[in-house]
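I have placed the structure first, in the form of structure tokens, so that the comments after it can refer back to it.
The values are calculated or read from the model by the stated rules, or taken from the named source; none is laboratory data. Everything numeric here is computed off the predicted structure, so don't read it as measured data. Reconstructed Cβ throughout: ideal geometry from the backbone, glycine too, with neighbour counts over all protein chains shown.
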Ligand code: SAH
């Protein structure tokens, strides 16, 4: 998979992909992540990428020309499965969308700033708009990093134990059961006996029961 991210703040996207699973995925050649500074596509001598809103009102708008130039340049080099705009009014990022995106080859992600991008970018270039939740961030970079992380970890070979992504929350419509590690007792607080029993059938049953209980309690909406 290849992911190209368009941003005015590429430095915000350095550390999220420079450690742990995201770094390993790149080192293994399973994903290539590139950031592109939209300012590099500005023809303005001050490298401006924003302008006042037509109709007046507070807040600057990201101009169409540099973004269009950046998208056109990338599109001339390869075909993109999706050109995504991070936006609070987009489709809510949920596990099924992450699963779908993890099967794609080339993704482009546009990060907005200020009041957002000129609407014509959304009308003519964007194929998918994604929100990470019903709140407003100051820019799309952190949201884009969340999309990339949630998608890349699903690419086969990225996680060491591939089954582990399948047993995460939401994959089967349920929350995950509780997990424990050593020591078996701390401060008198014990690990559930069954997990120490070595009886894998019983353990599986216990985990399933716990997952259902937990989902009923914390996210009953998932059971509908
Ligand atoms: N005026 C816009 C908000 C702009 S926030 C509105 O009310 O809809 C600036 C940028 O941050 C957006 O262009 C978008 O790229 C990003 N952003 C903000 N909140 C986000 C969210 N919940 N999900 C995804 N991206 C978000």
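If I ask for residues that are outside any helix (DSSP H, G or I), touching a helix residue (DSSP H, G or I) at 6+ places or on another chain (Cβ under 9 Å) and touching a residue at least 60 places away in the same chain (Cβ under 8 Å), which ones from the range 60-79 would you list?
Within the range 60-79, none qualify.
If we keep just the residues of the range 38-59 that are buried (at least 19 other Cβ atoms within 10 Å of the Cβ) and without any contact (Cβ under 8 Å) to a residue 40 or more places away in the chain, which is nearest to the chain's Cα centre (by Cα)?
38
Checking the condition under 21 Å from residue 9 (Cα atoms), within 16 Å of the ligand (Cβ to nearest atom) and modelled with pLDDT of 95 or more, which residue from 69, 145 passes? Full working, then the answer.
Values: 69 fails: within 16 Å of the ligand (Cβ to nearest atom).
Selected residue: 145, the only one of 69, 145 that is under 21 Å from residue 9 (Cα atoms), within 16 Å of the ligand (Cβ to nearest atom) and modelled with pLDDT of 95 or more.
Only one residue in 105, 140, 90 is surrounded by 14 or more Cβ atoms within 10 Å (Cβ to Cβ), touching a residue at least 60 places away in the same chain (Cβ under 8 Å) and closer than 30 Å to residue 167 by Cα, so which one is that?
One residue alone meets the criteria, 140.
Of the residues in the range 111-125, how many are more than 10 Å from the ligand (Cβ to nearest atom), in a loop (DSSP other than H, G, I, E, B) and surrounded by fewer than 19 Cβ atoms within 10 Å (Cβ to Cβ)?
Looking only at that region, the number is 0.
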